[in-house]
Protein chains: 2
Amino acid sequence: MTGNQRDTTDDHEPGRANRAEPESGPRRRTGGRSARVREAVLKATAELIAEQGHERIPIAEIAERSGVHQTSIYRRWRTTNAIVLDLSQERLTSLWAVPDTGSLHGDLLAYAQRAAAAMAEPDGAVLLRALIAGAAEHAAAGDNAGVDAESVAAYVDAGNIPATHPLAERGRDLLDMLDRAASRGEPRLRLFDVLDGILAPIYLRTLFRIPGMDDAYLGSLVDKCLAHAAS
Amino acid sequence: MTGNQRDTTDDHEPGRANRAEPESGPRRRTGGRSARVREAVLKATAELIAEQGHERIPIAEIAERSGVHQTSIYRRWRTTNAIVLDLSQERLTSLWAVPDTGSLHGDLLAYAQRAAAAMAEPDGAVLLRALIAGAAEHAAAGDNAGVDAESVAAYVDAGNIPATHPLAERGRDLLDMLDRAASRGEPRLRLFDVLDGILAPIYLRTLFRIPGMDDAYLGSLVDKCLAHAAS
DNA sequence: AGGCTAACGCAAGTCCTCTTGCGTTAGCGC
DNA sequence: GCGCTAACGCAAGAGGACTTGCGTTAGCCT
């Protein structure tokens with residue numbers, strides 16, 4: 001299209017995982033004004049999503065609300081979806097410091113409750129959909145989140161998630177939790193048992209707007225997970 | 001515009017649920033040319049999705065491929081997303097005649113295999129996303145798929161799904177299956193146990209492109225479901 | 001078979017999204 | 001502080017999505 005296939009999605013994590021690029025281009029300016037602009041745009045987008053309930057927000061509207069010029073937004077993100085994806089990664093990352101309650105059952109329940117609470121936010125479902133759309137875009141771009149299909153399968157067989165996968169961050173946190181439990185002598189759950197047994201139902205119910213995710217329900221999900229580990 | 005605010009999204013189910021509208025407007029023409037046009041558009045859209053791998057297809061392109069004029073498409077569906085939603089409802093409805101293998105375990109496994117196979121189609125993930133987007137649009141439009149939140153909750157408590165819900169059709173089929181099992185003397189599973197335990201993991205892995213949904217995996221999902229019913 | 005009109009084809013339009021070039025501001029290294 | 005230039009603001013402008021009015025075709029009903 002524009003002939004430049006990398007700039008749009010690369011600015012999302014400005015100063016974190018600095019891959020050792022030998023001839024890295026110009027040095028980015030991540031602080032000060034740039035950071036303020038990013039902040040303002042993300043904040044405005046979150047507000048508009050919460051108000052309107054959907055992600056189809058014209059960039060012009062985000063520009064007006066945030067006080068940032070349209071052009072700047074287009075140059076940095078190019079599409080509304082990229083903004084929402086950026087927002088969702090920030091939100092669903094910082095929010096998810098995994099609890100340490102002392103027991104696996106308690107940890108899992110707290111985790112489930114946090115996940116359910118995040119989804120219950122006014123923009124929770126929208127952010128989840130953005131995450132999904134992000135995963136789909138990666139796939140459409142040709143690669144499977146930067147890793148080829150076979151090595152992804154190898155990861156999954158080993159009970160892990162490739163580092164560039166949208167769910168990777170959460171996978172790491174969960175693995176820590178499961179390791180803690182094992183070191184306490186509690187049964188060792190596999191990562192995908194938790195993903196399938198706890199996260200998947202919460203996500204399904206969120207996406208299809210099925211209510212009833214109270215503590216009793218979440219508790220039953222956790223119990224099922226643990227029952228399998230025992231058997 | 002046309003002054004008619006219901007035609008766009010109402011043509012999806014031409015002759016099925018005729019709500020008793022007293023002063024129903026002009027009588028629709030659902031057969032012949034209209035049906036051919038609908039067929040051509042849906043077919044072209046499915047092809048383009050399978051080829052390009054995503055749903056961001058300009059209507060002009062669908063018009064060219066299908067031989068139907070842009071204007072006609074705009075008047076009937078208004079957005080690409082509506083077409084894909086239409087397509088997904090048709091596809092995911094006709095395809096899902098629920099098997100009757102003689103045992104609950106066999107039925108559930110066959111069901112899981114069909115679901116996984118449908119998701120493995122080149123356009124499976126896209127159609128699933130369209131279904132989700134459809135559910136979200138309903139929600140954004142103000143109502144919860146035509147039913148208010150409380151009555152939805154009541155349905156869910158009773159182990160059922162409201163009739164207008166995107167998953168309703170599949171829910172009905174599944175309930176039939178579960179009833180059959182109960183009448184054979186097998187344990188009675190609740191609908192949402194199947195949704196949470198089988199469909200949710202399949203959907204999660206589809207949406208996030210996690211591979212490894214082979215028969216062994218699907219079998220383990222079914223086993224877990226049944227283990228809970230026995231306990 | 002014939003009338004009525006829903007639905008389609010066609011061709012201009014209109015509106016809005018997105019781009020491009022250039023001047024200005026301000027982050028970062030010295 | 002000073003220089004360099006990344007990132008922003010601004011104002012046109014190009015391109016594509018969507019609409020509208022009207023004539024034509026063909027379902028559906030009697």
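The values are calculated or read from the model by the stated rules, or taken from the named source; none is laboratory data. The structure displayed is predicted, hence computed values, not measured ones. Positions of Cβ are generated from backbone atoms using ideal geometry, with glycine treated the same way; all protein chains shown enter the neighbour counts. The accessibility values were calculated without ligands, DNA or RNA, using every heavy atom of the protein model including side chains. Shrake-Rupley method; radii C 1.70, N 1.55, O 1.52, S 1.80 Å.
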* For the range B:78-94, indicate whether the set of residues that are within 16 Å of DNA strand C (Cβ to nearest atom) and among the small types (Gly, Ala, Ser) is non-empty. => yes
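Condition check: open to solvent by 40 Å² or more (accessible area, probe 1.4 Å), within 16 Å of DNA strand C (Cβ to nearest atom) and within 14 Å of chain B (Cβ to nearest Cβ). Does residue A:69 satisfy that? Give the derivation first.
Working: open to solvent by 40 Å² or more (accessible area, probe 1.4 Å): yes; within 16 Å of DNA strand C (Cβ to nearest atom): yes; within 14 Å of chain B (Cβ to nearest Cβ): no.
Here the answer is no, as residue A:69 does not meet what is asked.
For a quick check of your reading: which helices (runs of 4 or more DSSP H) sit entirely within the range A:158-231 and have at least 3 residues that are free of Cβ contacts under 8 Å to residues at least 40 places away in the same chain and under 16 Å from the mean Cα position of the chain (by Cα)? Don't jump to the end; show me each part of the working.
Details: elements: A:168-183, A:191-194, A:200-207, A:215-230.
Helices (runs of 4 or more DSSP H) meeting the threshold: A:168-183.
Have a look at B:64, B:51 and point out the one that is surrounded by fewer than 20 Cβ atoms within 10 Å (Cβ to Cβ), more than 13 Å from DNA strand C (Cβ to nearest atom) and without any contact (Cβ under 8 Å) to a residue 40 or more places away in the chain.
Checking each option against the conditions leaves just B:51.
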* Restricting the search to the range A:72-85, which residues are within 14 Å of DNA strand D (Cβ to nearest atom) and within 14 Å of chain B (Cβ to nearest Cβ)? -> A:78, A:79, A:80, A:82
